[in-house]
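Asks: Questions regarding the structure given below will be posed in turn.
The values are calculated or read from the model by the stated rules, or taken from the named source; none is laboratory data. Just so it is clear, the structure is predicted and the values come from calculations on it, not from any experiment. Cβ sites come from the backbone with ideal geometry, for glycine too, and all protein chains shown count toward neighbours.
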């Protein structure tokens, strides 16, 4: 990989690095209402993390605090080793932000526009610190190599969003924030964008934190999912971890003696084993259906709200 780890991020003589994001006891109060009520989050280098939650859960507030645009009421926040609320331009040069929508630069051509943005990062390039991408390398990364001389207004919706990401990436950030990155995309453009995000952490060790309402999207591109509800992180893990934590039932269906049978079980393995071991019984069309991420998400939020619990759901897999 081409990423450079500077000495500030090294611990001892080994290759262990400090977290890219380290949040402890984060609180945010508006008037008498706690929007964030004691959040603890650690994100390590190279992770692709999706932040999910119902409207009003505090996703936007959390991201704005991490980006340095809002100061928390209480708690400690370290992003790339610094407090975003007090960090300067040199810190901001290490962070990329892709908003849900950008002001259109329709009269620019793709290449010159990206070169203009790249110039803003060059004063912060120093030995051991990542500098701006080479333009050809960046265009290849985001799939716009053939559109270097194209007018922005001539790009399709998917290509325009790739340009948004290129603008966020042009300074070669160590951390990239994506806000609802595929809103309004058609299925083809969404698939192409997912492929792009999946390349980022592999290509340059870039850490990605995205917010989305698309549960299927989070499952496809995130190595880790955080669910925020009631001002707390109520779930933290991979899609598989989250499904296990809910301990939801699996639906087992099969055909036996010409009729279709259905059974539900929290742990389908013993039932399936016993079913197949029954003498003289021919089982066909056996299927086991587990909870989808959407069902898991809805179950978690419903369970959390019904219990009135203000503490995170235990995420330890059984």
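Asks: So, in segment 20-46, exactly how many residues are in contact with a strand residue (DSSP E or B) (Cβ under 6 Å, 6 or more places away or on another chain) and without any contact (Cβ under 8 Å) to a residue 12 or more places away in the chain?
Replies: Number satisfying all stated conditions: 0.
Asks: A follow-up question, please. Among the numbered criteria (1) more than 16 Å from the chain's Cα centre (by Cα); (2) within 20 Å of residue 297 (Cβ to Cβ); (3) not in a strand (DSSP E or B), which one does residue 60 miss?
Replies: Going through the list (1) more than 16 Å from the chain's Cα centre (by Cα); (2) within 20 Å of residue 297 (Cβ to Cβ); (3) not in a strand (DSSP E or B), residue 60 breaks only (1).
Asks: Is there a residue being touching a strand residue (DSSP E or B) at 6+ places or on another chain (Cβ under 7 Å), part of a helix (DSSP H, G or I) and within 25 Å of residue 67 (Cβ to Cβ) anywhere in segment 97-115?
Replies: no
Asks: Let me ask something else. From the list 161, 190, 172, which residue is out of contact with any strand residue (DSSP E or B) (no Cβ under 8 Å at 6 or more places or on another chain), closer than 30 Å to residue 81 by Cβ and surrounded by 14 or more Cβ atoms within 10 Å (Cβ to Cβ)?
Replies: 172
Asks: Sort through 178, 196, 139, 209 and tell me the only one that's in contact (Cβ under 8 Å) with a residue 24 or more places away in the chain, assigned to a helix (DSSP H, G or I), at negative phi and under 16 Å from the mean Cα position of the chain (by Cα).
Replies: 196
Asks: Test residue 133 against the stated conditions and say whether it is assigned by TED's automatic domain parsing to the domain that holds residue 166, more than 26 Å from residue 185 (Cα to Cα) and not in a loop (DSSP other than H, G, I, E, B).
Replies: Taking the combined requirement at face value, the residue does not satisfy it.
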